[in-house]
1. Here are some values of mean projected area of the Cα convex hull in nm²: [x] 5.1; [y] 4.6; [z] 4.3. Which one was computed from this structure?
2. Could you do me a favour and compute the accessible area per residue for the chain, 1.4 Å probe, result in Å²?
3. Testing the spin-label approximation: label points 7 Å from Cα along Cα→Cβ at residue 59 and residue 44. State their distance in nm.
4. Under a point-charge model restricted to the Cβ atoms of Lys and Arg (+1) and Asp and Glu (-1), what is the dipole moment magnitude of the chain relative to its Cα centre, in debye to the nearest 20?
5. Karplus couplings for region 2-14 from phi (6.51 cos²θ - 1.76 cosθ + 1.60, θ = phi - 60°), rounded to Hz, Gly and Pro as x?
6. Stretched out fully, how many nm does the piece from residue 15 to residue 52 gain, at 0.36 nm a residue minus the Cα gap?
Amino acid sequence: MKTFFLARLGKDAEQVKIADKDAVKFNVAVDEWNGKERVARWITCVDYHGLNVLQYLKKGTQVVIIGDL
């Protein structure tokens, strides 16, 4: 399922190895409204295609996430 959302990074992204592949792993917070208050939903993201983005993914940075769930 294709997804698209606006989020903020909770901490700096990190380079990791998953199944012998280099990847960038980061956690983002997406705000939701439950009818009474705003709550954050935390989502872990992994990017296998762009180690060059690592330098830009710093805590608090607002990002747009487009991908498959």
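1. Entry [x].
2. Accessible surface, normalised per residue, equals 77 Å².
3. 1.9 nm
4. 180 debye
5. Once rounded to whole Hz, the list reads 6, 10, 8, 7, 9, 8, 10, 6, x, 7, 4, 5, 9.
6. Separation in residues times 0.36 nm, less the Cα-Cα distance, equals 12.3 nm.
The values are calculated or read from the model by the stated rules, or taken from the named source; none is laboratory data. Here the structure is a predicted model, which means the values were calculated and not measured. Every residue, glycine among them, receives a Cβ derived from its backbone with ideal geometry; neighbour counts consider all protein chains shown. Ligands, DNA and RNA are stripped out before the accessible areas are found, and what is left, the full protein with its side chains, is counted by its heavy atoms. Shrake-Rupley method; radii C 1.70, N 1.55, O 1.52, S 1.80 Å.
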